[in-house]
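So the structure is just underneath, and the comments pick up after that.
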Amino acid sequence: MKQIKITFPNKTTETFENDIRPLILMEKLSEGENDRKIIAVKVNNEICSLDAPINISAQIEGVFLDTKEGASIYRRSLCFVLAAAANNLFPGTRLLVGHSLGYGYYYTLEKKDGISKQDIELLSKEMKRIIENDSIIETSFISYTEACDLFEKLSLTETRKQLNFRCPSKVQINTLGSFSDLYFGPLVSSTGILRVFELKPYADGFLLRFPEHNTPEKLTEFVDQPKLFEIYKTYKEWGKKLGVTSAASLNQMIYNREIKNFINITETLQTKRISEIADQIKAKKTARVVLIAGPSSSGKTTTSMKLSLQLQALGFNPKLISLDNYYVGRQETPMDEIGKEDYESLEALNIKMLNQNLVDLFNGKEIELPAYDFHAGVSYFKGDKMRLEENDILIMEGIHGLNDKLTPLVPAEKKFKIYLSALTQLNLDDHNRIATSDNRLIRRTVRDSNLRGKSAADTIAMWDNVQKGEKLHIFPFQNNADAMLNTALDYEISVLKVYAEPLLKCVSPLQKEYAEANRLLQFLNNFSQISATNVPNLSIIREFIGGSGFKY
């Protein structure tokens with residue numbers, strides 16, 4: 001039999017027979033890691049199940065439960081167990097996953113009489129039974145015809161429909177007991193590890209709650225986000241009315257050559273939402289500064305410009321102030337825990353100067369605006385002046401916009417705060433959601449390549465730090481917003497795919513970013529392409545792919 005060489009994290013290499021399974025190598029993989037739990041394995045930087053046979057010489061390392069990658073596998077596996085439990089209890093009834101809410105996913109169950117607390121308790125009990133039995137999750141391939149028949153039998157409508165647009169000769173599936181679903185990434189090899197979860201009744205459905213990756217042994221306290229939930233609910237209902245709720249239904253529209261009209265409707269809806277926010281600002285009457293905040297690649301810059309147009313139509317004269325110009329300078333910038341300049345901390349900005357400038361402007365005085373030299377890392381003045389006239393209104397966008405510590409000297413009545421997110425209402429299918437962070441990461445990968453000359457690996461490498469900053473400086477303040485805007489466009493992934501795929505394919509298996517690049521490529525494989533010629537020149541997507549009618 002063929003033999004292969006396996007190199008372990010401690011750099012030792014051993015020879016094994018072909019098709020060896022990682023489960024046999026657990027002692028070597030966990031060496032020196034104390035009691036940390038391994039949930040999967042990286043084989044040449046590709047994440048695989050512990051039960052997946054290794055048939056090539058490889059460098060391998062464990063994927064631990066207390067890491068982001070481990071948490072992702074844990075959550076995906078919990079979702080699979082929930083789907084299996086729902087199939088066991090309510091066969092033929094559609095279980096539909098929604099967006100994330102805190103550390104949980106929102107679900108609904110399409111029952112005629114709705115879902116009751118008793119139904120949720122039954123689901124939780126059945127999940128616990130499956131987990132306590134430490135049931136095996138099998139991964140296998142079946143023929144295309146078998147897959148079509150299987151998904152029809154299980155009433156997995158959207159999963160079956162997607163096979164009209166992905167037509168492989170063999171289809172990879174996960175199986176748990178009598179339930180099977182399409183493979184969207186590795187799961188745990190058996191269910192016994194999935195003991196920390198909760199089903200919590202919420203709105204018309206329930207939340208599947210799971211632990212944060214830093215504390216895998218317990219659930220965090222639930223923090224409600226009612227404004228964000230209402231935004232999502234509105235867009236979900238809109239998607240249902242148009243019949244576009246999944247990757248498969250979007251692909252169907254592309255196939256039927258109906259996508260131009262859908263793009264126009266989607267862009268019109270977003271413009272309408274921005275117009276409504278402009279009306280809210282006018283209705284407040286006392287607002288003199290609009291503060292726009294949102295996570296990375298949520299479209300803050302384009303939204304600022306589109307909002308400016310709507311405000312001008314209402315008789316305002318918007319003036320933009322860039323918070324980037326208020327950096328304190330490299331010598332005064334605080335350091336993070338690894339000794340690097342922390343430009344995302346509030347203390348990296350000259351709060352005193354900003355507030356004095358704002359107070360002076362509101363009192364009718366003229367100010368001199370600062371500038372910042374990013375290359376030299378110094379703040380300076382170049383003679384730019386500003387004064388506010390009667391119909392002038394300021395617009396400032398930046399990550400700290402919703403935090404009142406940014407503008408402590410500005411009375412609340414003079415501020416109007418807007419929170420941006422990119423909440424696509426699309427799912428991959430009934431049971432597999434599209435993460436908001438994936439949408440933004442793909443946006444940023446394309447933009448970083450177009451405008452900053454960065455590789456996909458560069459963008460992926462710094463994404464964890466970006467998300468860490470968002471959790472500290474943006475998400476805790478989102479409920480402080482006067483208005484929320486969803487900047488996701490339900491057709492955009494099919495456009496971004498054209499640009500992102502070639503970039504992601506250049507990430508080598510020798511790079512640690514390969515696992516994430518490979519995952520994103522598998523994700524994009526679910527979408528048909530849309531040419532950028534269909535994208536309007538004032539679309540938020542132009543901020544990332546180029547060709548915008550706005551000057552940035």
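Among the residues of the range 7-51 satisfying the criterion of being of a type in the set (Gly, Ala, Ser) and open to solvent by 30 Å² or more (accessible area, probe 1.4 Å), which is nearest to the chain's Cα centre (by Cα)?
Among residues in the range 7-51 that are of a type in the set (Gly, Ala, Ser) and open to solvent by 30 Å² or more (accessible area, probe 1.4 Å), the one nearest to the chain's Cα centre (by Cα) is Ser30.
Of all residues in the range 315-343, count the ones that are aliphatic (A, V, I, L, M) and surrounded by fewer than 15 Cβ atoms within 10 Å (Cβ to Cβ).
3
Scan the range 202-240 residue by residue and report those that are among the β-branched types (Val, Ile, Thr) and either farther than 21 Å from Asp490 by Cβ or without any contact (Cβ under 8 Å) to a residue 60 or more places away in the chain (or both).
First pass over the range 202-240, keeping only residues among the β-branched types (Val, Ile, Thr): 215, 220, 223, 231, 234.
Selection gives Thr215, Thr220, Val223, Thr234.
The requirement of being more than 30 Å from Asp224 (Cα to Cα) and either at pLDDT 95 or above or surrounded by fewer than 16 Cβ atoms within 10 Å (Cβ to Cβ) (or both) is fulfilled nowhere in the range 474-485; no residue meets it. Of the residues screened, Ile393 is one that is surrounded by 15 or more Cβ atoms within 10 Å (Cβ to Cβ) and in contact with a Pro (Cβ under 8 Å, 6 or more places away or on another chain). Highlighted here are the strands (runs of 3 or more DSSP E) found entirely within the range 306-420 that include at least 2 residues which are under 25 Å from Lys285 (Cβ atoms): 317-322, 392-397. Give, as residue ranges, the strands (runs of 3 or more DSSP E) completely inside the range 87-170 that count at least 1 residues that are buried (at least 20 other Cβ atoms within 10 Å of the Cβ). Fully inside the range 87-170 and qualifying: 95-100, 104-109. Listed by position, the strands (runs of 3 or more DSSP E) contained in the range 1-54 that have at least 2 residues being of a type in the set (A, V, I, L, M, F, W, C) are 3-7, 38-43, 46-48.
Confirm whether Lys227 is closer than 25 Å to Leu311 by Cα and modelled with pLDDT under 95. Before you say what the answer is, go through the steps one by one.
Working: closer than 25 Å to Leu311 by Cα: yes; modelled with pLDDT under 95: yes.
So Lys227 passes the test.
Cβ-Cβ contacts under 6 Å between residues 6 or more apart (or on different chains), taken from a first residue in the range 363-386 that is in contact (Cβ under 8 Å) with a residue 12 or more places away in the chain to a second residue that is part of a loop (DSSP other than H, G, I, E, B) and open to solvent by 70 Å² or more (accessible area, probe 1.4 Å), are listed as Glu366/Arg387; Lys385/Glu366. Could you tell me whether Thr303 is among the β-branched types (Val, Ile, Thr), surrounded by fewer than 21 Cβ atoms within 10 Å (Cβ to Cβ), touching a residue at least 24 places away in the same chain (Cβ under 8 Å) and part of a helix (DSSP H, G or I)? Judged against the criteria, Thr303 is not a match.
If you check Glu543 against the conditions, is it more than 17 Å from the chain's Cα centre (by Cα), assigned to a helix (DSSP H, G or I) and touching a residue at least 60 places away in the same chain (Cβ under 8 Å)?
On the way: more than 17 Å from the chain's Cα centre (by Cα): yes; assigned to a helix (DSSP H, G or I): yes; touching a residue at least 60 places away in the same chain (Cβ under 8 Å): yes.
When the stated conditions are applied, Glu543 passes them.
How many of the residues making up the range 52-64 are under 15 Å from Leu187 (Cβ atoms) and open to solvent by 20 Å² or more (accessible area, probe 1.4 Å)?
Count: 1.
On the basis of being under 26 Å from Leu420 (Cα atoms) and hydroxyl-bearing (Ser, Thr, Tyr), does Ser379 make the cut? Before the answer, list the steps.
On the way: under 26 Å from Leu420 (Cα atoms): no; hydroxyl-bearing (Ser, Thr, Tyr): yes.
Considered against the rule, which asks whether it is under 26 Å from Leu420 (Cα atoms) and hydroxyl-bearing (Ser, Thr, Tyr), Ser379 comes out as no.
Just give me the residues in the range 422-456 being hydrophobic (A, V, I, L, M, F, W, C), surrounded by fewer than 20 Cβ atoms within 10 Å (Cβ to Cβ) and not in a loop (DSSP other than H, G, I, E, B), in sequence order. Passing the criteria: only Leu451.
Only residues that are touching a residue at least 40 places away in the same chain (Cβ under 8 Å), touching an Asp or Glu at 6+ places or on another chain (Cβ under 9 Å) and surrounded by fewer than 18 Cβ atoms within 10 Å (Cβ to Cβ) were counted in the range 184-201, giving 2. Taking every residue in the range 432-455 that is within 13 Å of Phe544 (Cα to Cα) and without any contact (Cβ under 8 Å) to a residue 12 or more places away in the chain and pairing it with any residue that is open to solvent by 30 Å² or more (accessible area, probe 1.4 Å) and not in a helix (DSSP H, G or I), at least 6 positions away or on another chain, the pairs with Cβ-Cβ distances below 6 Å are Asp448/Lys454. Candidates Asp149, Asp134: the one that is at pLDDT 95 or above, more than 28 Å from the chain's Cα centre (by Cα) and under 20 Å from Pro91 (Cα atoms) is Asp149.
Residue check: Leu521 meets all listed conditions (1) free of Cβ contacts under 8 Å to residues at least 40 places away in the same chain; (2) under 21 Å from the mean Cα position of the chain (by Cα); (3) assigned to a loop (DSSP other than H, G, I, E, B) but one, namely (3).
The values are calculated or read from the model by the stated rules, or taken from the named source; none is laboratory data. No experiment lies behind these values; they were computed from the predicted model shown. Cβ atoms come from the backbone with ideal geometry, glycine included; neighbour counts cover every protein chain shown. Calculation scope for accessible area: heavy atoms of the full protein, side chains included, ligands and nucleic acids excluded. Shrake-Rupley method; radii C 1.70, N 1.55, O 1.52, S 1.80 Å.
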